[in-house]
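Participant: I'd like to ask you about the structure that follows.
The values are calculated or read from the model by the stated rules, or taken from the named source; none is laboratory data. Computed from a predicted model, the values in this text were never measured in an experiment. Ideal geometry is used to build each Cβ from the backbone, glycine not excepted, and the neighbour counts take in all protein chains shown.
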Amino acid sequence: MKADKKAGLAAPWGVAAQTVGEKRVANTLAKQLAAGDPEAFAALYDRLAVRLFNTARTMTDSLPDAEDTVHDVFVELARSRDRLARITDLDAYIFTMLRHAISRRRRRRDVNRRAIDTVGRQRAESGRFTAQPAELADDALTTAVGALPPAQREVLALKIDGGLTFAEIAAVIGTSINTVASRYRYAIEKIRTTVTSPEGVR
């Protein structure tokens, strides 16, 4: 997620909702994918890959994790394409897949991190390991987004990077539209307060 420094915070937040025509194209594409049309798969990649990647990068704060997660989503789509014939909102369905893929990757990472922490403590106790402090992010907006509560950061990513409507986000994360709108509003307020504060992120 990049800030437009000349326009302030206003520019990135205005993401247009899907038109009726776009929804019809998506639904037609879903049926073509279910039928195994290779050109439809390529069209889907061209249509959503950048949005999925940007969303995943904001949610994971990791370029490699974002790339791997989007790859996982497209692999899963290819393997289970027969389900797509019954999908009424292709974008919401795929962004739900992305959310689940990120959750699975986080769980695996947490398991790996606990194992690494155990090894690290053992080496530190034996004097063979010195932990290095993590570097702080220089970009105020990136740091502010990273400091958001996970639920607000998720909604922000799906709205801005994913380009989903509040209704689609509500379907993706399984909550009400009002809750989605509230999380989005709180996230924007926190970011605006943080990046305009002389003290920045604490």
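Participant: Out of all the residues in region 77-89, which are closer than 10 Å to residue 31 by Cα, part of a helix (DSSP H, G or I) and not small (Gly, Ala, Ser)?
Facilitator: 81, 82, 83, 84, 86
Participant: Oh, and also: Using the structure shown, decide if residue 92 is free of Cβ contacts under 8 Å to residues at least 60 places away in the same chain and out of contact with any strand residue (DSSP E or B) (no Cβ under 8 Å at 6 or more places or on another chain).
Facilitator: Against the criterion (free of Cβ contacts under 8 Å to residues at least 60 places away in the same chain and out of contact with any strand residue (DSSP E or B) (no Cβ under 8 Å at 6 or more places or on another chain)), residue 92 does not qualify.
For every residue, the table says whether it meets (1) modelled with pLDDT of 90 or more; (2) hydroxyl-bearing (Ser, Thr, Tyr); (3) within 15 Å of the chain's Cα centre (by Cα); (4) not in a helix (DSSP H, G or I).
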site: 153; (1), (2), (3), (4): yes, no, yes, no
site: 157; (1), (2), (3), (4): yes, no, yes, no
site: 160; (1), (2), (3), (4): no, no, yes, no
site: 169; (1), (2), (3), (4): yes, no, yes, no
site: 172; (1), (2), (3), (4): yes, no, yes, no
site: 175; (1), (2), (3), (4): yes, yes, no, yes
site: 179; (1), (2), (3), (4): yes, yes, no, no
site: 189; (1), (2), (3), (4): no, no, no, no
site: 194; (1), (2), (3), (4): no, yes, no, no
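Participant: Go through region 177-186 and give me each residue that's within 20 Å of residue 94 (Cβ to Cβ) and either buried (at least 24 other Cβ atoms within 10 Å of the Cβ) or among the basic types (Lys, Arg) (or both).
Facilitator: 180
Participant: Condition first: over 14 Å from residue 52 (Cα atoms) and in contact with a Lys or Arg (Cβ under 7 Å, 6 or more places away or on another chain). Now tell me which residues in region 145-172 satisfy that.
Facilitator: If the condition is that a residue be over 14 Å from residue 52 (Cα atoms) and in contact with a Lys or Arg (Cβ under 7 Å, 6 or more places away or on another chain), then 145, 148, 151, 152 are the ones that fit.
Participant: Listed residues 104, 128; which is charged (D, E, K, R), at pLDDT below 90, surrounded by fewer than 18 Cβ atoms within 10 Å (Cβ to Cβ) and in a helix (DSSP H, G or I)? Let's see the steps before the verdict.
Facilitator: Details: 128 fails: in a helix (DSSP H, G or I).
Only one candidate qualifies: 104.
Participant: Take the residues of region 162-176 that are on the phi < 0 side of the Ramachandran plot and of a type in the set (Gly, Ala, Ser): which is surrounded by the most Cβ atoms within 10 Å (Cβ to Cβ)?
Facilitator: 162
Participant: Of the residues that sit in region 64-101 and are surrounded by fewer than 16 Cβ atoms within 10 Å (Cβ to Cβ) and among the β-branched types (Val, Ile, Thr), which one is farthest from the chain's Cα centre (by Cα)?
Facilitator: Looking at residues that are surrounded by fewer than 16 Cβ atoms within 10 Å (Cβ to Cβ) and among the β-branched types (Val, Ile, Thr), I get 88.
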